[in-house]
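Quick notes on the structure that follows.
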Amino acid sequence: MVPKTKKRKFVFVVGGVLSGVGKGVTSASLGAIMEAKGFSVTAIKVDPYVNVDAGTMNPVEHGEVFVTDDGDETDQDMGNYERFLDADLNSENYMTTGRVYLSVIENERGMKYKGRCVQVVPHIPEEIIGRINNAADKHNADITIIEIGGTIGEYENILFLEAARMMKLKDPDSVAVILVSYLPVPSHIGEMKTKPTQHASRTLNQTGLQADIIVARGPMELDKPRREKLATFCGVPKENCISAPDVPSIYEIPIKMEDQQIGNKVLKALKMRTRKTNLSEWKGFVKKINNSKKEVKIAVVGKYFGTGDFTLADSYISVIEAIKHASWHHNVKPALEWVDSEDFEKSTKKVQNLKKYDGIIVPGGFGTRGVEGIIKAIKFARENKVPYFGLCYGMQLASVEFVRNVLGKKKATTVEMDEKTSEPVIHINPNQAANVKENKYGGTMRLGAYDCALRRDTKSQKAYGTDMISERHRHRYEFNNEYRDAIDKAGLQVVGLNPESDLVEIVELKDHPFFVGVQFHPEFKSRPMRPHPLFRDFIGAVVKKK
Ligand code: GLN
């Protein structure tokens with residue numbers, strides 16, 4: 001831990017009116033701006049639900065589970081923070097109501113409160129404040145941005161807002177509050193309405209907090225009359241109402257926000273001296289995005305799910321961003337299409353539809369639905385020399401496909417599909433099997449960063465340009481080493497191995513423009529201006545094919 005040598009400052013970002021309007025990207029963009037002013041910044045995501053982490057939640061309800069190096073299963077906003085701050089965050093950067101209560105209760109069981117009565121207030125907010133300070137210290141941050149999920153006024157947010165109030169009361173100059181609110185434009189009225197934000201502001205006041213800045217999200221710019229209304233009714237200076245209309249790319253947001261000097265406004269609220277912002281890298285990057293006009297068509301093949309609060313795009317946000325980063329690197333624009341693998345199960349002929357794509361990705365997944373269709377798509381990519389990139393399940397199923405169709409063992413499968421299969425190409429180790437048997441699902445997968453040694457002169461090794469890498473994992477099943485020599489000899493080379501456990505981490509086809517399967521999730525480590533090497537080379541092969 002870094003010794004506390006400087007005064008830490010904290011910015012709480014809270015939401016009004018409705019969630020899902022971009023608090024995460026606003027927080028991440030503010031972080032990028034503060035970094036571009038030369039501050040060290042870290043960010044914390046608060047999820048108000050009782051789950052201890054995001055790992056046990058259905059992706060349809062929650063969106064992507066973002067995995068950190070230290071193996072925490074967190075919210076997708078953590079990915080935005082990592083991408084915008086270009087920093088690795090860990091479990092100290094994430095908390096939920098469940099996690100906070102669990103530690104207070106464990107502390108109580110361990111007599112840590114020395115016989116006192118343990119109460120919701122102050123012990124829960126104190127635990128929250130301790131966690132916030134811990135993250136600030138661990139990252140030696142000048143500025144810590146804390147995003148409180150959901151909207152103010154929700155029951156489960158009260159104690160997090162109380163923590164903010166307590167921090168502000170103790171040291172008013174160290175805490176600023178940003179309200180990210182939505183200003184709808186009802187079609188029958190055709191004008192932007194401020195009233196919902198006025199209500200949100202008042203609800204925030206009831207918690208003892210006053211916004212220093214309002215970020216006015218909406219389909220259009222905030223105009224003068226409405227800016228004045230917000231200022232009058234929400235008690236925020238006019239110039240601190242930031243207009244935040246929808247933009248084509250989230251990577252423009254730091255620039256748009258800084259055009260309105262949000263950085264210096266936050267610094268003023270924190271009683272700090274203002275500073276210049278150097279966003280030249282971001283500006284160059286956005287220019288590159290806008291100049292990437294030629295399209296490449298990528299199919300993302302998996303089982304379809306599209307109901308609930310979140311869509312497929314939310315569930316695979318890091319994969320989508322990684323594809324974009326890699327595409328822009330090659331000055332092309334990705335056109336992504338979700339292809340429902342169950343269609344291929346109904347009609348094998350439909351696999352031929354994949355002809356229209358320049359590349360195929362099979363992302364991570366769980367369960368049995370759609371798996372046979374995915375295997376057909378992989379066979380198509382292998383036989384037709386279409387660039388293929390398999391992520392986690394996409395690597396496991398590429399191995400299954402190869403054993404079935406090249407080695408001729410038609411019964412080959414993963415035990416996730418058939419527990420008693422005679423050809424378990426993907427199997428489960430005894431520890432994991434015990435976890436499943438005992439219903440120990442939370443936080444028990446193979447999680448977080450593991451080393452992987454690369455075989456020289458392979459596509460993967462050349463992509464990384466090094467012999468040893470570290471990548472993040474989230475899976476329960478593993479490649480069965482009984483099949484290792486056979487697939488390697490037949491052309492699906494085993495080119496990445498974990499040096500301690502000897503687990504297979506990467507397979508790649510020898511005679512193919514690009515056919516790589518990875519047991520890990522490379523998408524988590526792709527950064528806007530530093531695309532992931534394997535995504536980069538996958539898109540490179542896609543561009544070449546086109
Ligand atoms: N279902 C597979 C496993 O648990 C793959 C997981 C994934 O793709 N993240 O091992």
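The values are calculated or read from the model by the stated rules, or taken from the named source; none is laboratory data. Since the model is a prediction, treat every value here as computed from it, not as a measurement. Virtual Cβ from ideal backbone geometry, glycine too; neighbours counted across all protein chains shown.
Just a yes or no: is a residue in region 384-392 among the polar types (S, T, N, Q) and modelled with pLDDT of 95 or more? First the steps, then the outcome.
Step one: filter region 384-392 for residues among the polar types (S, T, N, Q), giving 384.
Adding the requirement that they be modelled with pLDDT of 95 or more leaves 384.
Yes, because at least one residue in region 384-392 is among the polar types (S, T, N, Q) and modelled with pLDDT of 95 or more.
Here are some residues: VAL236, VAL266. Which one is aliphatic (A, V, I, L, M), in contact (Cβ under 8 Å) with a residue 60 or more places away in the chain, in contact with a strand residue (DSSP E or B) (Cβ under 7 Å, 6 or more places away or on another chain) and surrounded by 18 or more Cβ atoms within 10 Å (Cβ to Cβ)?
On the way: VAL236 fails: in contact (Cβ under 8 Å) with a residue 60 or more places away in the chain.
So the residue among VAL236, VAL266 that is aliphatic (A, V, I, L, M), in contact (Cβ under 8 Å) with a residue 60 or more places away in the chain, in contact with a strand residue (DSSP E or B) (Cβ under 7 Å, 6 or more places away or on another chain) and surrounded by 18 or more Cβ atoms within 10 Å (Cβ to Cβ) is VAL266.
Just the residues that are surrounded by fewer than 24 Cβ atoms within 10 Å (Cβ to Cβ), more than 16 Å from the ligand (Cβ to nearest atom), at negative phi and modelled with pLDDT of 95 or more, please, taken from region 496-527.
Matches in region 496-527: LEU497, PRO499, GLU500, LEU509, HIS512, PRO513, ARG527.
Scan region 343-358 and tell me whether some residue there is farther than 18 Å from LYS287 by Cα, crowded, with 24+ Cβ neighbours inside 10 Å and not aromatic (Phe, Trp, Tyr).
Within region 343-358, none of the residues are farther than 18 Å from LYS287 by Cα, crowded, with 24+ Cβ neighbours inside 10 Å and not aromatic (Phe, Trp, Tyr).
Applying the selection to region 467-495, what residues are within 30 Å of GLY443 (Cβ to Cβ), more than 16 Å from the ligand (Cβ to nearest atom) and polar (S, T, N, Q)?
Correct list: SER470 only.
Would you pick out the residues in region 389-420 that are more than 15 Å from the ligand (Cβ to nearest atom) and among the β-branched types (Val, Ile, Thr)?
VAL403, VAL406
So which residues in region 338-371 are in a helix (DSSP H, G or I), more than 15 Å from the ligand (Cβ to nearest atom) and more than 19 Å from LYS546 (Cβ to Cβ)? Steps first, please.
Kept after step one, since they are in a helix (DSSP H, G or I), are these residues of region 338-371: 342-346, 348-356, 371.
In the following step, the residues that additionally are more than 15 Å from the ligand (Cβ to nearest atom) were identified as 342-346, 348-356.
The answer is GLU342, ASP343, PHE344, GLU345, LYS346, THR348, LYS349, LYS350, VAL351.
Taking the condition more than 12 Å from the ligand (Cβ to nearest atom), within 31 Å of the chain's Cα centre (by Cα) and either among the acidic types (Asp, Glu) or not in a strand (DSSP E or B) (or both), does VAL386 pass? Talk me through it step by step, then tell me what you get.
Numbers: more than 12 Å from the ligand (Cβ to nearest atom): yes; within 31 Å of the chain's Cα centre (by Cα): yes; either among the acidic types (Asp, Glu) or not in a strand (DSSP E or B) (or both): yes.
The answer is yes for VAL386.
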